[in-house]
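The values are calculated or read from the model by the stated rules, or taken from the named source; none is laboratory data. From a predicted model like this one, the values you see are computed outputs, not experimental measurements. With ideal geometry, Cβ positions are generated from the backbone for all residues, glycine too; neighbour counts draw on all protein chains shown. Accessible surface areas use protein heavy atoms only, side chains included; no ligands, DNA or RNA. Shrake-Rupley method; radii C 1.70, N 1.55, O 1.52, S 1.80 Å.
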Amino acid sequence: MGAQGSKMPCPTLNYFSICGRGELARLICALGEVEFEDKTWAPAFDESGGWRQGYQAIGNAFGFPGTMPVLEHGDLKLFQTAAIESYLASIAPKVFPGLTPAQKGKDMMFAQIKADINASTESLLFKKIDGPTLTEILEKWYPILEGLLPEAGFVNGLATPTMADLAVLVIAKGCMPFQAAPKLASFDTVSKYSKIKRVAD
């Protein structure tokens, strides 16, 4: 069989048609020049404001618990957001192959901060917590994130952004749930955090 016939298909990312837990993976593919299929579950929500049902079958088909995102790449099937983000960065032909272990570790630290903020903002939208509780959580995370960012340049000190910078972009600009939930809680994500704003811009 020739090289063309043996070529592995591009990855398929299954996720809702929102930012949430899928946007960093999409941005990693864009920055790293990974050709992929963005298979969005749209519309994401039903008339009640909850997830539109049926998406669980995607993960269940592979023995997963029915959550998203789910990545398919040939024989490889993955769930869990961090695993998918790490894998996509590892196969990217651009930017990510040249990173040191320390730079990769810093990237994953920022990705996990993004995941923690995602969990809390999502909880407000699904009425698991209230506005004051979310404000208390964000008043912990935003100063930590601000303190970790450099005064100038990208997080890893390179000429190009890496996963860490993309994670900050998702936190600062991603609508659902990263900006929608703080807005409902009247939490100011911009004026007090100039370095977050600078990296995201």
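At most 14 other Cβ atoms within 10 Å and a DSSP loop assignment: could you name the GluC sites (Glu not before Pro) in segment 8-88 that fit?
Hits after loop and neighbour filter: Glu33, Glu35, Glu47.
Within the chain, what is the longest stretch that has no chymotrypsin sites (Phe, Trp or Tyr not before Pro) placed in a DSSP loop and near at most 16 other beta-carbon atoms within 10 Å?
Here the longest segment lacking exposed loop sites spans 63-125.
Thr12 to Lys192: FRET efficiency via 1/(1 + (r/R0)^6), r the Cβ-Cβ distance, R0 41 Å, to the nearest 0.05?
0.55
Do you know the relative contact order of segment 50-189, to the nearest whole percent, from alpha carbon pairs under 8 angstrom that are 6+ apart?
20
At most 15 other Cβ atoms within 10 Å and a DSSP loop assignment: could you name the trypsin sites (Lys or Arg not before Pro) in segment 64-120 that fit?
Sparse-neighbourhood loop trypsin sites (Lys or Arg not before Pro): Lys94.
Taking all protein chains in place and a 1.4 Å probe, what share, in percent, of the accessible surface of segment 128-201 do carbon and sulfur account for?
C and S atoms contribute 60 percent here.
Can you give the calculated 222 nm mean residue ellipticity of the chain, where each DSSP H run of n ≥ 4 adds -39,500 (n - 2.57) and the sum is split over every residue, rounded to the nearest 500 deg cm²/dmol?
It comes out at -14500 deg cm²/dmol, rounded to the nearest 500.
Solvent-accessible area per residue for segment 47-137 at a 1.4 Å probe radius, Å²?
Roughly 51 Å² per residue, with all protein chains present.
Given N residues in the chain, what is its alpha carbon radius of gyration divided by 2.2 N^0.38 Å?
Cα-based Rg divided by the globular estimate yields 1.07.
Thr160 to Gln112: FRET efficiency via 1/(1 + (r/R0)^6), r the Cβ-Cβ distance, R0 25 Å, to the nearest 0.05?
0.70
Too long at a 22 Å Cα-Cα cut-off: which of Lys39/Lys183; Lys114/Lys195; Lys7/Lys106; Lys104/Lys140?
Lys39/Lys183; Lys7/Lys106; Lys104/Lys140
Multiply the residue gap between Phe64 and Phe45 by 0.36 nm, knock off their C-alpha separation, and tell me the result in nm, one decimal place.
Full extension from Phe64 to Phe45 adds 4.7 nm.
With a cut-off of 8 Å between alpha carbons and a minimum separation of six or more residues, what is the relative contact order of segment 55-102 in percent?
Relative CO of segment 55-102 lands at 20 percent.
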